[in-house]
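Undergrad: First, the structure itself, so that you have it in front of you.
The values are calculated or read from the model by the stated rules, or taken from the named source; none is laboratory data. No experiment lies behind these values; they were computed from the predicted model shown. Positions of Cβ are generated from backbone atoms using ideal geometry, with glycine treated the same way; all protein chains shown enter the neighbour counts.
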Amino acid sequence: MKALINDPEAVVSESLAGMALAHGDLLRVHTDPSYVLRQDAPISGKVAIISGGGSGHEPMHAGFVGLGMLDAACPGAVFTSPTPDQIVAASLAAHGGAGVLHLVKNYTGDVLNFQMAAEILQDQGVAVEQVLIDDDVAVQDSLYTAGRRGVGATVLAEKICGAAAAEGMALADLAALGKRINGQARSMGLALGPCHNPSTGQEGFQLGEQEIEFGVGIHGEPGRERLAMAPADTLTRMLMEPILNDLPFHPGDPVLLFVDALGATPLLELYIVYRAAEAVAREYGLHVQRRLVGPYMTSLDMAGVAITVLRLEADLQRWWDAPVCTVALRWGL
Amino acid sequence: MNYDTETLMAWMRCIQERLAQERAELDHLDAEIGDGDHGSNLSRGFAKVAEKLGERVPESPGALLKEVAMTLIGTVGGASGPLYGTFFLETAKAMGASAAFSAAELGRCLTSGVAGIQRLGKANAGDKTMLDALIPAVDVLASQGDVAAAAQSAQDGRAATIPLQARKGRASYLGVRSIGHADPGAASAALLFACLVKVAR
């Protein structure tokens, strides 16, 4: 598989170096340990919001560093959580004296590394709260799994908590807000093909011309089941129904509808899915108040789509609309 | 049979060499039920371990394994970094400042390491994880002092993960689809014990 790389070992570091050059007005890239910091960090008196995870999901998370969203992001190796020293260094660099909020996707590696980092930070007298994101309805949450994965709700929590932090919300309230967002967001995704890891050369799974992986995560791992390919409207309904029935959403609920491309799916197709997703939402009686459509949480070059629905009360909508200035999201300025 | 700083250095070098050779195979095992990078991540970690140990020889087996632990935690990432890091860190704590250990004594120290993994990862035997190779191997080493038998137990434990359904880690997302594949963590744990046999004197 061809990839625009030089050295498989240097994929993440060279990409971050490019990001630093391209977006020096918004962010700074620190190396060894590596993290991406908001250009004007630390912001005195503001809670610092830190997220992180494996690389390969760009623009998440580094693309969300900036005014009104994240103060720092910790990129791990491709599909591999960052290490505690990265998280500690990023948190200390971003800390403006009002504590640190860690937004963590529920994967064993992310959970363990953020947990170790939080213990080290607390030993150093930094107040840390953690919000665990686990919105993926494809995974059954039971004693017999690692629990639901964190997917699209992460982007929404980063935006909304980022806006609330910019307004001066205190650490404990921000943690409660993050948990509330996670509690009322649900997601599911499907893949038309595997992704290719440029660091390992590995391909996640093999799919026939007429097959899809249904209920995929964002790391190239196989999904819940393998199904036959179908038209976009049918596939969209297959994603929307389990999402809407899980929370469950009720007729009259105001919602934010997020249709995410997993990396290789073009916008041309994504809007076809969006059209179908909004039609299903209307059928359920939901009021779609806000939309996000595009490749915001990707899985390298995977062809596929993930849908997230968030119940969006007035306060959440106000924070969603608040100014944001990052590489990937920019409005209200 | 004694395990001192020199033998444990050789153990780490053996692990580093075997991981470099078997990296693709471990990645492939991981691709079947995870995200295909277990070999690459561990290989990166143990390459760094070899580099650090090449600069300076620690003064005791405990100090050596502590250095190994901190290096793995700082370079591997994912779940395996903290888990193997904790394994070596808790083992190092149990070793204290002693200069040498019999096989059974080493086994008892490694038992603390396994307990550390269980505490952190909240997994048990039968969940289809590294513990399925580590628990039987460390039990045999601690009770019999027989490193070859311990390595065989680790191998058997690795094979025994094939029919299991994963209940922890990324493979658990697959549900019944995780059945029929060896767990990559159990495979790397078996590699650790295969190396321990090689360096035993």
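Undergrad: Any residue in region B:5-21 that is without any contact (Cβ under 8 Å) to a residue 40 or more places away in the chain sitting within a Cβ distance under 7 Å of a residue that is part of a helix (DSSP H, G or I) and of a type in the set (S, T, N, Q)? List the pairs, counting only those 6 or more apart or interchain.
TA: B:Ala20/B:Ser43
Undergrad: Please state which of the following conditions B:Gly36 fails to meet, knowing it meets all the rest: (1) in a helix (DSSP H, G or I); (2) within 13 Å of chain A (Cβ to nearest Cβ).
TA: (1)
Undergrad: Quick check: is even one residue across region A:68-85 touching a strand residue (DSSP E or B) at 6+ places or on another chain (Cβ under 7 Å), of a type in the set (S, T, N, Q) and within 21 Å of A:Ala322 (Cα to Cα)?
TA: Scanning region A:68-85 turns up no residue that is touching a strand residue (DSSP E or B) at 6+ places or on another chain (Cβ under 7 Å), of a type in the set (S, T, N, Q) and within 21 Å of A:Ala322 (Cα to Cα).
Undergrad: Looking at (1) part of a helix (DSSP H, G or I); (2) within 13 Å of chain A (Cβ to nearest Cβ); (3) surrounded by 24 or more Cβ atoms within 10 Å (Cβ to Cβ), which one does B:Ala189 not meet, given that it meets all the others?
TA: So B:Ala189 meets the others, but not (2).
Undergrad: Return the residue satisfying two criteria in turn: it lies in region A:106-130 and is surrounded by fewer than 16 Cβ atoms within 10 Å (Cβ to Cβ) and not small (Gly, Ala, Ser), and of such residues it is farthest from B:Pro82 (Cα to Cα).
TA: Step by step, filter region A:106-130, then rank; the result is A:Gln124.
Undergrad: Something else about it: When you check A:Met60 against the structure, is it in a loop (DSSP other than H, G, I, E, B) and surrounded by 24 or more Cβ atoms within 10 Å (Cβ to Cβ), yes or no? Spell out the reasoning first.
TA: On the way: in a loop (DSSP other than H, G, I, E, B): yes; surrounded by 24 or more Cβ atoms within 10 Å (Cβ to Cβ): yes.
It is true that A:Met60 is in a loop (DSSP other than H, G, I, E, B) and surrounded by 24 or more Cβ atoms within 10 Å (Cβ to Cβ).
Undergrad: Considering only residues that are assigned to a helix (DSSP H, G or I), among the hydrophobic types (A, V, I, L, M, F, W, C) and in contact (Cβ under 8 Å) with a residue 24 or more places away in the chain, which ones fall in region B:51-87?
TA: Quick first cut of region B:51-87, residues assigned to a helix (DSSP H, G or I) only: B:51-55, B:61-75, B:80-87.
Among the residues that remain, those that are also among the hydrophobic types (A, V, I, L, M, F, W, C) are: B:53, B:63-65, B:68-70, B:72-73, B:83, B:87.
If the condition is that a residue be assigned to a helix (DSSP H, G or I), among the hydrophobic types (A, V, I, L, M, F, W, C) and in contact (Cβ under 8 Å) with a residue 24 or more places away in the chain, then B:Leu53, B:Ala63, B:Leu64, B:Leu65, B:Val68, B:Leu72, B:Leu83, B:Phe87 are the ones that fit.
Undergrad: With A:Ala89, A:Ala98 as the choices, which residue is away from chain B (no Cβ under 14 Å), out of contact with any Cys (no Cβ under 8 Å at 6 or more places or on another chain) and modelled with pLDDT of 95 or more?
TA: Working: A:Ala89 fails: away from chain B (no Cβ under 14 Å).
Within the list A:Ala89, A:Ala98, the selection yields A:Ala98.
Undergrad: Mind listing whichever residues of region B:53-72 are within 14 Å of chain A (Cβ to nearest Cβ) and either touching a Pro at 6+ places or on another chain (Cβ under 6 Å) or not aliphatic (A, V, I, L, M) (or both)?
TA: Initial filter on region B:53-72 (within 14 Å of chain A (Cβ to nearest Cβ)): B:69-72.
Residue satisfying the conditions is B:Thr71 alone.
Undergrad: Provide a single number: the residues in region A:170-204 that are at the interface with another protein chain (Cβ under 8 Å from one of its Cβ atoms), crowded, with 19+ Cβ neighbours inside 10 Å and not hydroxyl-bearing (Ser, Thr, Tyr).
TA: So the answer is 3.
Undergrad: Something else now. Please find, among A:Ala165, A:Ala146, A:Ala118, A:Ala62, the residue that is within 10 Å of chain B (Cβ to nearest Cβ) and in contact with a helix residue (DSSP H, G or I) (Cβ under 9 Å, 6 or more places away or on another chain). So that I can check it myself, show each step before the final result.
TA: Numbers: A:Ala165 fails: within 10 Å of chain B (Cβ to nearest Cβ); A:Ala118 fails: within 10 Å of chain B (Cβ to nearest Cβ); A:Ala62 fails: within 10 Å of chain B (Cβ to nearest Cβ).
Of the residues listed, the single one that is within 10 Å of chain B (Cβ to nearest Cβ) and in contact with a helix residue (DSSP H, G or I) (Cβ under 9 Å, 6 or more places away or on another chain) is A:Ala146.
Undergrad: What's the number of the condition B:Tyr173 fails, among (1) out of contact with any strand residue (DSSP E or B) (no Cβ under 9 Å at 6 or more places or on another chain); (2) within 14 Å of chain A (Cβ to nearest Cβ); (3) part of a helix (DSSP H, G or I)?
TA: Of everything listed in (1) out of contact with any strand residue (DSSP E or B) (no Cβ under 9 Å at 6 or more places or on another chain); (2) within 14 Å of chain A (Cβ to nearest Cβ); (3) part of a helix (DSSP H, G or I), B:Tyr173 misses just condition (1).
Undergrad: Of the numbered conditions (1) without any contact (Cβ under 8 Å) to a residue 60 or more places away in the chain; (2) within 25 Å of A:Ala261 (Cβ to Cβ); (3) within 11 Å of another protein chain (Cβ to nearest Cβ), A:Ala73 satisfies every one except a single condition; which is it?
TA: Failing condition for A:Ala73: (3).
Undergrad: Filter region B:1-42 for residues that are within 30 Å of A:Ala146 (Cβ to Cβ) and charged (D, E, K, R) and give the result.
TA: Result: B:Arg18, B:Glu22, B:Arg23, B:Glu25, B:Asp27, B:Asp30, B:Glu32, B:Asp35, B:Asp37.
Undergrad: Cβ-Cβ below 6 Å, separation at least six or inter-chain, first residue in region A:94-105 and buried (at least 24 other Cβ atoms within 10 Å of the Cβ), second assigned to a strand (DSSP E or B) and of a type in the set (Asp, Glu): which pairs?
TA: A:Leu101/A:Glu129
Undergrad: Can I ask one more? Output the number of residues of region A:31-67 satisfying the condition of being in contact with a Cys (Cβ under 9 Å, 6 or more places away or on another chain), among the aliphatic types (A, V, I, L, M) and without any contact (Cβ under 8 Å) to a residue 60 or more places away in the chain.
TA: Selection size over region A:31-67: 2.
Quick grid of which residues meet (1) under 22 Å from B:Asp37 (Cα atoms); (2) within 19 Å of the chain's Cα centre (by Cα):
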{"position": "A:Val47", "(1), (2)": "no, no"}
{"position": "A:Glu58", "(1), (2)": "yes, yes"}
{"position": "A:Gly68", "(1), (2)": "no, yes"}
{"position": "A:Ala117", "(1), (2)": "no, no"}
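Undergrad: Exactly one condition in (1) of a type outside the set (Val, Ile, Thr); (2) farther than 28 Å from A:Ala146 by Cβ; (3) touching a strand residue (DSSP E or B) at 6+ places or on another chain (Cβ under 7 Å) is false for B:Ala148; which is it?
TA: Every condition holds for B:Ala148 apart from (3).
Undergrad: For a quick check of your reading: which helices (runs of 4 or more DSSP H) sit entirely within region B:98-170 and have at least 1 residues that are modelled with pLDDT under 95 and surrounded by 20 or more Cβ atoms within 10 Å (Cβ to Cβ)?
TA: On the way: elements: B:103-121, B:131-144, B:147-160.
Filter on region B:98-170 gives B:103-121.
Undergrad: Does B:Arg44 satisfy being of a type in the set (Lys, Arg), in a helix (DSSP H, G or I) and more than 20 Å from B:Ala137 (Cβ to Cβ)?
TA: So B:Arg44 passes the test.
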